[in-house]
Amino acid sequence: MSVLTLVRHGQASFDSDDYDQLSDLGKQQARLLGKHWADQRLCINRVYTGPRVRQKQTAELAGNDYQQAGFVWPQPILLQDLDEYDLNGLFKSFAPRLAAQNSDFAQLQEEFRCSVGQQNRLRDFQKMFELLLHHWQIAEPTDDVESWPAFRGRVERVIRHVQEQSEQGCRAVIFSSGGFIGGVVQHALNVSNQTALDLNWRIRNSSLTEFLFTRDRFSLDSFNMIPHLSDPAMWTWR
């Protein structure tokens, strides 16, 4: 059997001008992950990363600490299919249409716009985002936003690619985002679309979700583990 480890990126820069950058805490989470792998003396054979800066930064920082301990870090393979949901399309195209049709979402959007303080803004964003994704899952496809079925198709393409490209006994690592990881868990367990989102909300930054696989089998082994983050002050979800 081979092992696939999915890593969610470290904490990003929520509510800043550029979300797609690791925060200082996110960089520390990534470095601790690389050190943990080195301490465990894991041999990593293949590394994939999504196209987002936060995903690539997490891979780079974890890899640096892993290499500094004397281990070989494979050159990361960039896969566009490892991207998160189409967040740009969701917020620029889908959200305005939904706000015009759904007063509950419009109210949550306004509450987030007016909220003050990081904890309040995190809470209000989450409430708005959950309703946005729920409606996106059941919406009819449009040309300007990636649909939920298209997103699931991306997830399944990546899993097939890893299964086909990995030799027996391989240990592969993917650096991506929470939505993608929730989608892979859904694929492995064959759970509902809503459950996929529910899983997504629980995935911590820099956490590890692992699967055992062959070319014909793909099974969840562990979910949302953070063995490298012993201090609860390091636990974040966005």
Inset, instruction - State log₁₀ I(q)/I(0) for the chain at q = 0.10, 0.14 Å⁻¹ as given by the Debye formula over alpha-carbon point scatterers of equal weight, solvent excluded. - result: -0.47, -0.91
Inset, instruction - Apply the Debye scattering formula to the stretch 6-105, with a single equal point scatterer on each alpha-carbon and no solvent, then give log10 I(q)/I(0) at q = 0.15, 0.20, 0.22 Å⁻¹. - result: -0.67, -0.98, -1.11
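About its Cα centre, how strong a charge dipole does the stretch 1-98 have in debye, to the nearest 20, once Lys and Arg get +1 and Asp and Glu get -1 at the Cβ? Intermediate results must be reported in sequence, preceding the final value.
Values: 11 positive and 12 negative charges, 56 e Å.
So the dipole magnitude of the stretch 1-98 works out to roughly 260 debye.
Before anything else, pin down the relative contact order of the stretch 87-138: Cα pairs under 8 Å, at least 6 apart, normalised by residue count, whole percent.
For the stretch 87-138, the relative contact order is 34 percent.
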Legend entry - In order through the stretch 172-182: 3J(HN,Hα) via Karplus (6.51 cos²θ - 1.76 cosθ + 1.60), integer Hz, x for Gly, Pro: 10, 10, 10, 9, 8, 10, x, x, 5, 5, x
Legend entry - Förster radius 25 Å - calculated FRET efficiency between Gln68 and Asp18 (Cβ-Cβ, nearest 0.05): 0.35
Inset, instruction - Take the Cβ-Cβ distance between Arg202 and His134 as r, set R0 to 25 Å, and report the resulting FRET efficiency rounded to the nearest 0.05. - result: 0.95
Inset, instruction - Express in nm, to one decimal, how much length is gained between Glu111 and Lys127 on full extension, taking 0.36 nm for each residue of separation and deducting their alpha carbon distance. - result: 4.8 nm
Inset, instruction - Return one number: the angle in degrees, 0 to 90 and rounded to the nearest 10, between the long axis of the Cα atoms of helix 24-39 and the longest principal axis of the Cα atoms of the chain. - result: 30
Legend entry - Angle between the chain longest axis and helix 103-114 axis [Cα atoms, degrees, rounded to 10]: 70
Inset, instruction - Please get the size of the charge dipole for the stretch 87-138, origin at its Cα centre, with Cβ charges of +1 on Lys and Arg and -1 on Asp and Glu, quoted in debye to the nearest 20. - result: 160
Inset, instruction - Order the peptides 56-62, 41-47, 25-31 from the highest to the lowest mean number of other Cβ atoms within 10 Å of their residues. - result: 56-62, 25-31, 41-47
Inset, instruction - Name the shape class, rounded, prolate or oblate, that the alpha-carbon gyration tensor gives for the stretch 87-138, where a ≥ b ≥ c are the square roots of its eigenvalues, rounded holds for a/c under 1.5, and otherwise prolate holds if a/b is larger than b/c and oblate otherwise. - result: prolate
Inset, instruction - Find out how many positive minus negative residues lie around Phe151, taking Lys and Arg as positive, Asp and Glu as negative, among other residues whose Cβ is under 12 Å from that of Phe151. - result: -3
Inset, instruction - Quick one: angle between helix 193-202 and the longest Cα principal axis of the chain, in degrees between 0 and 90, rounded to 10, please. - result: 70
Legend entry - Cα-projected label distance for Glu164 with Asp104, points at 7 Å along beta-carbon direction, nm: 4.1
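Using 0.36 nm times the number of residues separating Asn88 and Asn190, minus their current alpha carbon distance, what extension gain do you get?
Net length gain for the segment: 34.0 nm.
Would you order Arg121, Arg8, Arg113 from fewest to most other beta-carbon atoms within 10 Å of each residue's own beta-carbon?
Ranking Arg121, Arg8, Arg113 by Cβ neighbours within 10 Å, fewest first, gives Arg113, Arg121, Arg8.
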Legend entry - Gain upon complete extension [Arg217, Ala233; 0.36 nm per residue less C-alpha separation]: 2.0 nm
Inset, instruction - Please figure out what share of the DSSP beta bridges in the chain is antiparallel and state it in percent, rounded to the nearest 5. - result: 50
Inset, instruction - Could you point to the residue in Pro232, Leu78, Gln107 farthest towards the positive end of the chain's charge dipole, with +1 and -1 charges on the Cβ of Lys/Arg and Asp/Glu respectively? - result: Pro232
Inset, instruction - Can you grab the distance from the C-alpha centre of the stretch 191-213 to the C-alpha centre of the stretch 43-95, Å, no decimals? - result: 17
Inset, instruction - May I ask for the distance between the Cα centers of the stretch 98-161 and the stretch 5-23, given as a whole number of Å? - result: 18
Legend entry - Estimated dipole of the stretch 150-189 in Debye, rounded to 20 [Cβ of Lys and Arg +1, of Asp and Glu -1, Cα centre]: 120
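What does the helix-only formula give at 222 nm for the chain: each DSSP H stretch with n ≥ 4 adding -39500 (n - 2.57), the total divided by the residues, and the result rounded to the nearest 500 deg cm²/dmol?
Working: 8 runs with 112 residues, N = 238.
Computed mean residue ellipticity for the chain: -15000 deg cm²/dmol.
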Legend entry - Summed residue charge, Cβ within 12 Å of Gly117's Cβ, Lys/Arg positive, Asp/Glu negative: 0
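None of the figures in this text is laboratory data; all of them are computed from the coordinates on show. Everything quoted here is computed from the prediction, not taken from an experiment. A quick note on method: Cβ atoms are made from the backbone with ideal geometry, for glycine too, and the neighbour counts reach across all protein chains shown.
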